[in-house]
Amino acid sequence: MRNHLSRDFTANEPNTKWVVDITYIRRGEGWLYLCAVLDLYSGKVVGWSMAPVQDRHLVLKAVMMACWQRPGRSEVILHSDRGTQFTSAEYQQFLKDNHIVNSMSDVGHCADNAAAEGFFGKLKRERVHRRRYLSLAEARTDVFDDIERFHNPLIQRRLDAEDEAFRLLTQSSVETGWNPKFQPCPAHQLQQARPVRAFSCLSPTRRAQLAALDNTNRMAG
């Protein structure tokens, strides 16, 4: 199995690179296992599952949830470690049936899946280790609350802010008469027409898109 990411945890579009991993959470009755699928474009958890046992079904449920939320069936890379849950024949066949490119960490290289490990570390530091779960249901409810009522909504608000900032930075300008859809604008006029604060809201991907637009305008102007 190839490592298609090679520790490049950036993505230019949503649903092009995912990572998946499993972690454990202590509860009064034993352990609760959490499997999460993250989209590297945004960091949003697009699929997850929890169970008192760690097996291939735990992973399949999480990846299946991610597939349900993916618009269309465009190809996506899914990176994992080499645990038995990810090397099982049933899991591998599921990936093939759903146009998912399997990517796996090199043997003994935990950092190859650092993006997933980073999410779990943050979850435990800021939530799990601050609580004591007495039951399976209590642990499940609290982890669900963190993912779906805090982590994902926070990322969605950031994405919405980026989209709005990008719209402001590329919209038609009353001052310059420039419309990005129909005519080029000299770079210095384009820069002056933009709200300066909007730049701080842009992700590296959006900044790259804006730089490409600027370059096009310079060449045309």
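The values are calculated or read from the model by the stated rules, or taken from the named source; none is laboratory data. No experiment lies behind these values; they were computed from the predicted model shown. Neighbour counts run over all protein chains shown; Cβ positions are idealised from the backbone, glycine included.
Annotation: Asp146 fulfils all but one of (1) at pLDDT 95 or above; (2) charged (D, E, K, R); (3) over 22 Å from the mean Cα position of the chain (by Cα); the unmet one is (3).
Pairing residues of region 3-16 that are surrounded by 14 or more Cβ atoms within 10 Å (Cβ to Cβ) with residues that are among the basic types (Lys, Arg), at Cβ distances under 6 Å and at least 6 apart in sequence or on separate chains, gives Ala11/Lys17; Asn15/Arg70. Look at (1) surrounded by fewer than 18 Cβ atoms within 10 Å (Cβ to Cβ); (2) modelled with pLDDT of 95 or more and you find that Gly83 fails only one, number (2). Per the conditions (1) surrounded by fewer than 18 Cβ atoms within 10 Å (Cβ to Cβ); (2) modelled with pLDDT under 95; (3) of a type outside the set (Ser, Thr, Tyr), the sole criterion not satisfied by Met64 is (2).
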